[in-house]
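No lab work stands behind these numbers, since they all come straight from the coordinates. Just so you know, these numbers come straight off a predicted model, no measurement behind them. FYI the Cβ positions are ideal-geometry reconstructions off the backbone, even for glycines, and counts take in every protein chain you see.
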Amino acid sequence: MCGRFTQNYTWQEVFDYYNLTGPAINLQPNWNVAPTQTIHTCISTNDGLSLQYARWGLVPGWWKKSLKELPSTINARSETVAEKPMFRSAFKARRCLIPAGGFYEWQRAGDTKQPYFIAREDGLPLTFAGIWETWKNPENGEAIVSTTILTTAANAFMQTIHHRMPVFLEAHEFQPWLKGGNADLPSDGKEAALVCHPVSKAVGNVRNNGPDLIEPNTTQLLL
């Protein structure tokens, strides 16, 4: 799964990497992105790829209840996303890229869990395969754009920490993914060399948000 990640980059960095269109945005770094928060997504428009804001936790267009009654939809399993009612419409027609500086995952060690920060070795953004949807809130008529991150079985690198991981996309895979095309997804992140290190358990509290969260916790051994 993917339950916490970072979006810590400048507008120029994402503008160049994703070949974005549109005016510059004063992006504020988020070192502890949590479910239901508003995140950055790259969505195709008539003018090209645009950085837009979306709720993390997809709300299907047909949802008639309140957001409080919505089950967790921050992740969609790549193995079943094409069939699940919550996700299949967005998977078919509304795909996006979700940029990240890196993500956190917890490794169980006895009765405790140790968080790790995982990022690309080359320092470029990680790009999660995402899908998005627009939903009209029946309570106030507000139109809400929402998104979810696709996950897959962990590759050899990630298996030592967790059995699931986000689906990563390389630059040459961006357009094929956005256009729909083949339903087969990249699943092992083999082209991006990943690095990880243990971090403070402070990341478990969403109120903590700062660059110190991704600093190595020197009291823990590296994998």
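Using Cβ point charges alone (K and R +1, D and E -1), the dipole size of segment 53-115 about the Cα centre works out to roughly 340 debye.
Prolate is the label for segment 15-92. Its Cα gyration tensor axes, ordered a ≥ b ≥ c, give a/c of at least 1.5 and a/b above b/c.
Across segment 1-154, Cα pairs under 8 Å and at least six residues apart give a relative contact order of 27 percent.
Candidates Thr147, Gly22, Trp63 compared by Cα position along the dipole of the chain: farthest toward the positive end lies Trp63, with charges placed on Cβ. From the coordinates of this entry, Kirkwood radius over Cα pairs in Å is computed, and it appears in [x] 16.9; [y] 17.9; [z] 18.9 under the label [y]. Dipole magnitude for the chain: computed about the Cα centre from +1 point charges on Lys and Arg Cβ and -1 point charges on Asp and Glu Cβ, it is near 840 debye. Take the cross-link list Lys64/Lys113; Lys65/Lys113; Lys92/Lys201; Lys68/Lys201 and give me the ones stretching past 32 Å between alpha-carbons. Pairs exceeding 32 Å: Lys64/Lys113; Lys65/Lys113; Lys92/Lys201. Counting Lys and Arg as +1 and Asp and Glu as -1 over every other residue whose Cβ lies under 10 Å from the Cβ of Ala76, the net charge comes to +2.
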